[in-house]
1. Where in the range 379-418 are there trypsin sites (Lys or Arg not before Pro) that are in a DSSP coil and have at most 15 other Cβ atoms within 10 angstrom of their Cβ?
2. In whole percent, and with a 1.4 Å probe on the protein chains, what portion of the accessible area of the range 298-379 is carbon and sulfur?
3. Determine how large the accessible area of Phe156 is when every protein chain is in place; take a 1.4 Å probe and give Å² rounded to the nearest 10.
4. Highest mean first, how do 103-109, 257-263 rank when packing is the count of other Cβ atoms within 10 Å averaged over residues?
5. How do 301-307, 116-122, 367-373 rank on mean C-beta neighbours within 10 Å, highest first?
6. Ranked highest first by average number of other Cβ atoms within 10 Å, how do 162-170, 272-280 line up?
7. Can you give me the accessible area per residue for the range 258-319, using a 1.4 Å probe, in Å²?
8. Gain in length, Arg235 to Tyr209, computed as 0.36 nm per residue apart minus the alpha-carbon separation, to one decimal in nm?
Amino acid sequence: MRAVPPGARAYILCAVLAAVACAVPAVRPGAGTPWTVVGLLALLYAACEQLTRCPFMGHRAPTGMGSFVPVLLAGAYLLPPSAAALVAVPGALFGRVEQHPVWLRRVWHAAQFPLASYFAALAFNGGGFSGGVPNAVSAADFPYALLPAAAGAVAFCLVLAVLDGGILIFAERCPARTAWRVPVLGSLAPHLVHGLAGLMMAVLWRSPYGPVAALLVLLPMYVSCWVFGQYHRERAAHQATIRALVQAVDIKDRYTRGHGERVGRASVMIARELGMDDDRVETLRFAGILHDVGKLGVPTRLLRKDGPLTPEERRVIELHPEYGHEMVRGIGFLGEARAAILHHHERLDGRGYPYGLSGARIPECARVVAVADAFDAMTSTRSYRRGRPVSVAVEELRRCAGAQFDPRMVRALARAIDTHGWHPAVTADQTTAMDPCGNVPAPGRETARAEGAGTAAAPYSASGPVPVAGAARRPVGSHGQSASGRADRGGSG
């Protein structure tokens, strides 16, 4: 969003005008706006936004976490819609923004949060309570306020999702079907929890103890914000570890640049098609990215050798899964990805390596990565041979299913490619970046610049057909070539 397109600027301007229109009734003479409540809530929200700067939160705590959304929702439950829209303005305008353009982002936040608060208050007030807002949040009527409070939280979530989806469409050129699907599904449950916390604040605010009692609700919110910050930093450290290992492999074997990321993407596609939960999907992404990390233990002269490998050299190459497993043994967050790194060269018929496992004895994650690895190796382009078309590679995987590959994984990859297509141009810089339009990294302008002339359309591949002397276990594909490409360099198979 650093170079904001004109369409995105116009979209932001429309959002600002809409927010102003929503707030205008509150400032008209005779509107009866409870300015004391508005001012206290606005000051409280602005102060909460500044808490992300304190040492307890960490100097680089993530912004936009939504941990103080209950303050906005409490305003929606306590105030008329036009007055509720004013609560978010000071905190949004003076909150911390790390990405450029800073002031444009602040203006955007100062438009979207008031709009979300306005419609949340509108939904809450339309919940069927004839007595109005004070009765809905009073202690006597509190249980009956749960339904309109949930309606207000859902309205808040939907408005933010619609607005965020629009900015993705105009600023990031994101397809509409994914721009709105991802934010709604990912944030509905948290907003319902925030709605409950906001309702608790509103009830305490109207209680005999007044606003001071409402502040007690913020303490667990602040603690949850800190916990989320800790999780964010831990996850960032994990991603940095993965990125460093991938870059080390890419530097050692220049021909495989981007191969790990592409295998990680294909593994994610298979996992999602099989209906695996998000944690396993993430684990398989790590497994795909790091499956060849054991190359760091293989002599560089073997990885870069142009001619055929001798049987002795091939045996050294075939040690790379064990090297990789040893390297990541102590990285606890990888989980079953370590088994995939060790066994992704096993075959269903038992002719793979390093242990010659067969059938169901091969871990499921390793069977996923084996198919993803083979697919990328066949579709990647090397300096001395062009990659196969995607359809040809999928057909080759099907031909080898049952002997070399798990047919279930092959079918899952084929279905995923039919549905989503295959976009292989990724680089090592993207191992931690998720596309704003979805869950899988996608190439952008940075990719084209990083790859250089002539490589964006033909990304570096992991493998190619080089003859191997005496390769007894070489996986066989069409035309006498390995189904997974250059198996002799540890690429696949």
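The values are calculated or read from the model by the stated rules, or taken from the named source; none is laboratory data. These numbers were taken from a predicted model, which means no experiment stands behind them. Note that each Cβ is placed from the backbone with ideal geometry, even for glycine, and that neighbours are counted across all protein chains shown. The area values use the complete protein model at the heavy-atom level, side chains included, leaving out ligands, DNA and RNA. Shrake-Rupley method; radii C 1.70, N 1.55, O 1.52, S 1.80 Å.
1. Arg386
2. Looking at the range 298-379 in its full context, I get 52 percent from C and S.
3. Result for Phe156: roughly 0 Å² accessible.
4. Order by mean packing, descending: 257-263, 103-109.
5. With the highest mean Cβ count within 10 Å placed first, the list reads 367-373, 116-122, 301-307.
6. 162-170, 272-280
7. 34 Å²
8. Residue separation times 0.36 nm, minus the Cα-Cα distance, leaves 5.3 nm.
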